[in-house]
Amino acid sequence: MTNSSTAVSPPHAHSGPPRGLSNRHIQLIAIGGAIGTGLFMGSGRTISLAGPSVVFVYMVIGFFLYFMMRAMGELLLSNLHYKTFADFAADLIGPWAGFFVGWSYWFCWIVTAIAELVAITGYMQFWWPGIPLWLPTVAVLAVVFLLNAVSVKNFGEMEFWFALIKIVAILALIVTGAVMALTHFTSPDGDVAQISNLWNDGGWFPHGAMGVVAGFQIAVFAFVGVELVGTTAAEARDPRKTLPRAINSVPVRILIFYVGSLLAILVVTPWRAIDPEQSPFVAMFALAGLAGAASVVNFVVLTSAMSSSNSGVFSTSRMLFGLAAEGSAPRLFTGLNKVGVPVRALYVTALVLLLTIPVLYAGDSIIEAFTLITSVASLLFMFVWSMILVSYMRYRHKFPERHRSSEYKMPGGVVACIAVLLFFAFVVWALSLEPETAASLVALPVWLGLLGVAWVFVRRTESHRQAFEWFKQEMARPVENEHSEG
């Protein structure tokens with residue numbers, strides 16, 4: 001929107017980047033979004049807290065997030081002018097909601113990308129202990145920025161290969177675990193790989209109900225990014241086909257990649273023998289006697305963190321573009337380069353992510369910095385997920401005819417939305433129980449308070465009022481032509 005101060009803006013202004021992602025890209029982005037660094041790095045600690053019941057923890061989180069994604073899917077397909085969560089929140093709830101959701105999602109990925117860049121530094125030190133702390137951050141940001149700036153297809157290609165590496169690693173773990181269990185592999189400590197390891201040491205719930213609750217504190221972060229497929233749908237060539245296909249496969253992906261890998265780990269190694277400070281993926285490949293297992297898995301986790309950083313740069317630049325289009329951010333961020341990439345928003349994102357460097361130098365350890373930042377990210381994402389559900393309930397009330405004609409209705413409707421919101425409230429309560437995660441609870445109200453102060457000033461500006469009037473006109477435009485373009 002290069003001229004948002006006028007009553008009528010160019011038709012292409014909010015259409016934004018061209019639809020350059022194929023079904024292959026969308027499917028792998030969806031899988032990559034559902035397999036976070038938290039699974040590779042955080043699952044050891046989650047197992048130590050919850051025991052074998054960790055399997056149910058991941059299944060429960062995946063179950064509720066599936067409904068959130070179905071609500072998001074119906075919303076995005078109800079009006080193809082919706083490019084981001086901020087778009088439908090602003091259109092369905094009000095301009096303040098678009099402002100809060102847009103900036104919160106931007107901050108979500110900034111925080112997550114900083115966490116992943118912190119983690120990348122730790123992974124690099126595995127191979128090069130003396131490497132300067134600032135170097136990995138600068139190098140990764142330079143590569144990700146350049147590839148994102150050239151075309152959206154490059155983002156899709158990067159995510160495709162990053163996701164493929166994660167998939168191969170997890171499938172290899174599951175197969176290795178199955179072979180070790182069938183051959184009754186015995187570890188140097190005398191532990192035999194067998195299915196009964198799942199229940200022969202205190203049962204499925206060795207720490208009782210509170211052990212299960214503790215598992216939710218860490219496991220939620222593993223699902224951060226699962227909604228990314230909604231952001232990429234705006235740049236998919238055929239969103240009406242690719243988005244439902246990607247969302248519908250979420251339960252299968254969770255069963256295979258989360259439940260399958262955790263079952264393999266727990267069958268091979270009794271849960272009490274799993275070191276919470278070590279990646280259980282590394283430990284299991286090492287047990288199998290695979291040479292260089294630690295280096296291989298370190299490479300896999302490194303690519304997972306780079307994938308998340310890449311997603312963060314992509315998502316934040318697109319969200320900043322959308323915020324500028326509706327007048328909630330400076331108009332200069334609507335600038336696109338020759339290939340339709342919001343390059344000015346990319347520049348700002350890269351500069352903000354350089355804040356990773358002082359974070360690295362300020363903390364006592366990389367792990368300490370990673371833990372604090374990830375818990376803040378989990379809360380921020382739950383806020384955005386909640387606003388998606390509230391937007392859906394508002395959509396059902398405001399546009400019942402759209403819902404009736406929808407070919408991709410959310411199962412359970414409003415009742416399911418309320419159930420998921422109650423689940424998020426439960427997770428927030430779980431986070432309040434441990435000092436390490438309770439400290440992060442302060443971040444959300446502080447952030448929302450800052451947004452509230454900013455909104456008081458933004459809503460009064462003439463540029464915002466004019467931009468939002470244009471935004472409403474854009475949302476009301478017929479979308480038949482866009483359907484045909486697919």
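One table, with the values for the structure above:
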{"read-out": "Cα gyration tensor category, rounded, prolate or oblate, for region 51-195 with a/c compared to 1.5", "value": "oblate"}
{"read-out": "Solvent accessible area, Å² - Asp201, 1.4 Å probe, full protein context", "value": "50"}
{"read-out": "3J(HN,Hα) from dihedral phi, region 134-145, Karplus parametrisation 6.51/-1.76/1.60, rounded to Hz, x for glycine, proline", "value": "7, 5, x, 4, 4, 5, 5, 4, 4, 5, 5, 4"}
{"read-out": "Rounded to the nearest 20 debye, dipole of region 23-464 from Cβ charges on Lys, Arg, Asp, Glu", "value": "1520"}
{"read-out": "³J(HN,Hα), Karplus 6.51/-1.76/1.60, whole Hz, each residue of region 247-255, x for Gly, Pro", "value": "5, 5, 8, 4, x, 5, 4, 5, 5"}
{"read-out": "Two-decimal log10 I(q)/I(0) for region 23-464, as the Debye equation yields it once each C-alpha is a single scatterer, q = 0.07 Å⁻¹", "value": "-0.33"}
{"read-out": "Area accessible to solvent at Ile357, 1.4 Å probe radius, in Å²", "value": "40"}
{"read-out": "Solvent-accessible area per residue for region 23-464 (1.4 angstrom probe, square angstrom)", "value": "37"}
{"read-out": "Computed accessible area, Trp96, all protein chains, 1.4 angstrom probe, square angstrom", "value": "110"}
{"read-out": "³J(HN,Hα), Karplus 6.51/-1.76/1.60, whole Hz, each residue of region 201-206, x for Gly, Pro", "value": "9, x, x, 5, 10, x"}
{"read-out": "Solvent-accessible area, 1.4 Å probe, carbon plus sulfur percent, for region 145-211", "value": "73"}
{"read-out": "Ranked packing of 434-445, 250-261, 60-71, most packed first, by mean Cβ within 10 Å", "value": "60-71, 250-261, 434-445"}
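The values are calculated or read from the model by the stated rules, or taken from the named source; none is laboratory data. Nothing here was measured: the structure is a model prediction, and the numbers come from that model. Because the Cβ atoms are built from the backbone with ideal geometry, glycine has one as well, and the counts that use them run over all protein chains shown. Protein only, heavy atoms only, side chains kept; ligands, DNA and RNA dropped before computing areas. Shrake-Rupley method; radii C 1.70, N 1.55, O 1.52, S 1.80 Å.
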